[in-house]
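Undergrad: Quick one: structure below, then a few questions.
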Amino acid sequence: MTRTQSAALVRNGRFSGTTELSAQNRRRSGGALTCGVSLSVLAAVMAAGGSALLGAPMAYAQTLTGSQTTTITATGTPVVVNTASGFNVSTTTGPAIVLNGTNGATFTDANASPITGQTIGIDIRNTEGGALSLTTTGTVTGRDNFGIQAQNLAGEGRPTSLTLSTAAVSGGSSGIRATNYGTGALSITATGTVTGTNDRGIFARNYNFGTDITVSAASVSGRTGGIGARNTGSGSLSITSTGTVTASGLIPTFGTLGSGLQ
């Protein structure tokens, strides 16, 4: 594990005392105005399946534009969503963006788009196979729950990697929550401040089939923990912070002062 914060006590594999960071590693040997199917994605689907059969699962590509006030939902095999310059979304009920991919899920915002949901800012899921990738350059907010929730879920098959690259993110519960049941690595890079008002700022979880967890953050704050990470896959766990990592409350499970990283 890599850390750039102050020294800490390590007890039974966990940071304790005045530490600002701690971690566990258990190793094992709608709303859019334009949309359409990307020709490159469709070509990949046809190549993989040999032909595009009527009624077969289809790739879905969408570009989000304009100012939106209702939840945007996209589903595809795989799903690929981008933003146009000037796009923004703010909802007063439900999440801002919900993406459901099979054999791949990709969201890319290169336009510093403000994304605010009443419950969740961005809820992105991928099942069966392929990778989950999310890039945001604007502020993402989930007022009541998560700023970003990302899940790589197993079905008849298993997905591969989960990769998040964000700017500022905040959530009423956690800022960023990422869960990987896939066979690859889980990576989170946050260049802006990440805040979880009532839970952790960042939480990353790799299950048995996964490999490495890498978290690279700037400043992170939470109530029960600043950064929480647990790896029961076969790889390493690395956490680096260039800013402060803090926790303001109590950890309910242990009843002790919250540490920045659990």
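Undergrad: Looking only at the stretch 179-205, which residues are touching an Asp or Glu at 6+ places or on another chain (Cβ under 8 Å) and either among the β-branched types (Val, Ile, Thr) or crowded, with 23+ Cβ neighbours inside 10 Å (or both)?
TA: Leu186
Undergrad: Filter the stretch 213-262 down to residues that are of a type in the set (A, V, I, L, M), at pLDDT below 90 and either buried (at least 24 other Cβ atoms within 10 Å of the Cβ) or within 17 Å of Gly147 (Cβ to Cβ) (or both), then give me how many there are. It would help to see each step written out before you state the result.
TA: First, pick out the residues of the stretch 213-262 that are of a type in the set (A, V, I, L, M): 213, 215, 217-218, 220, 227, 229, 237, 239, 245, 247, 250-251, 257, 261.
Checking which are at pLDDT below 90 leaves us with 250-251, 257, 261.
Restricting the remaining residues to those that are either buried (at least 24 other Cβ atoms within 10 Å of the Cβ) or within 17 Å of Gly147 (Cβ to Cβ) (or both) gives 261.
So the answer is 1.
Undergrad: A further question on this structure: Could you list, in sequence order, the residues of the stretch 151-170 that are assigned to a strand (DSSP E or B), more than 14 Å from Ala96 (Cβ to Cβ) and aliphatic (A, V, I, L, M)?
TA: Leu153, Leu162, Leu164 - these are the residues of the stretch 151-170 that are assigned to a strand (DSSP E or B), more than 14 Å from Ala96 (Cβ to Cβ) and aliphatic (A, V, I, L, M).
Undergrad: Please work out if Arg177 is in contact with a Ser or Thr (Cβ under 6 Å, 6 or more places away or on another chain) and closer than 23 Å to Thr119 by Cα.
TA: Values: in contact with a Ser or Thr (Cβ under 6 Å, 6 or more places away or on another chain): no; closer than 23 Å to Thr119 by Cα: yes.
Judged against the criteria, Arg177 is not a match.
Undergrad: Let me ask something else about it. Using the structure shown, decide if Thr102 is within 19 Å of Thr193 (Cβ to Cβ) and among the β-branched types (Val, Ile, Thr). So that I can check it myself, show each step before the final result.
TA: Values: within 19 Å of Thr193 (Cβ to Cβ): no; among the β-branched types (Val, Ile, Thr): yes.
No: the conditions fail for Thr102.
Undergrad: Scan the stretch 164-178 residue by residue and report those that are of a type in the set (Ser, Thr, Tyr) and surrounded by fewer than 20 Cβ atoms within 10 Å (Cβ to Cβ). If you could, list the steps in order and put the result at the bottom.
TA: Within the stretch 164-178, the subset of a type in the set (Ser, Thr, Tyr) is 165-166, 170, 173-174.
Listed by number, the list holds a single entry, Ser165.
Undergrad: Quick check: is even one residue across the stretch 196-219 closer than 26 Å to Gly86 by Cα and not small (Gly, Ala, Ser)?
TA: Initially, the stretch 196-219 is screened for residues closer than 26 Å to Gly86 by Cα, giving none.
Checking the stretch 196-219: not a single residue is closer than 26 Å to Gly86 by Cα and not small (Gly, Ala, Ser).
Undergrad: Got a number for residues in the stretch 85-110 being part of a strand (DSSP E or B), among the β-branched types (Val, Ile, Thr) and surrounded by fewer than 19 Cβ atoms within 10 Å (Cβ to Cβ)?
TA: Initial filter on the stretch 85-110 (part of a strand (DSSP E or B)): 88-90, 97-102, 105-108.
Checking the rest, the ones that are also among the β-branched types (Val, Ile, Thr) come to 89, 97-98, 102, 106, 108.
Narrowing further to those that are surrounded by fewer than 19 Cβ atoms within 10 Å (Cβ to Cβ): 108.
The total comes to 1.
Undergrad: Return the residues of the stretch 157-188 that are within 10 Å of the chain's Cα centre (by Cα) and either more than 15 Å from Thr127 (Cα to Cα) or aliphatic (A, V, I, L, M) (or both); say none if nothing qualifies. Working first, answer last.
TA: We begin by selecting, within the stretch 157-188, every residue within 10 Å of the chain's Cα centre (by Cα); these are 162-166, 175-180, 186-188.
Correct list: Leu162, Leu164, Ser165, Thr166, Gly175, Ile176, Arg177, Ala178, Leu186, Ser187, Ile188.
Undergrad: Among all residue pairs at least 6 apart or on different chains, which show Cβ distances below 8 Å where the first residue, located in the stretch 114-135, is more than 21 Å from Gly66 (Cβ to Cβ) and assigned to a loop (DSSP other than H, G, I, E, B) and the second is basic (Lys, Arg) and at pLDDT below 95?
TA: Listed pairs, sorted by first residue: Glu128/Arg158; Gly129/Arg158.
Undergrad: Kindly provide the set of residues from the stretch 109-124 that are farther than 16 Å from Ser161 by Cα and within 13 Å of the chain's Cα centre (by Cα), ordered by number. Can you show your working first?
TA: Taking the stretch 109-124 as the starting set, the residues that turn out to be farther than 16 Å from Ser161 by Cα are 109-123.
Result: Ile120, Gly121, Ile122, Asp123.
The values are calculated or read from the model by the stated rules, or taken from the named source; none is laboratory data. All figures in this text were calculated on a predicted structure; none of them were measured in a lab. For neighbour counting, all protein chains shown are included, and Cβ atoms are generated from backbone atoms with ideal geometry for every residue, glycine included.
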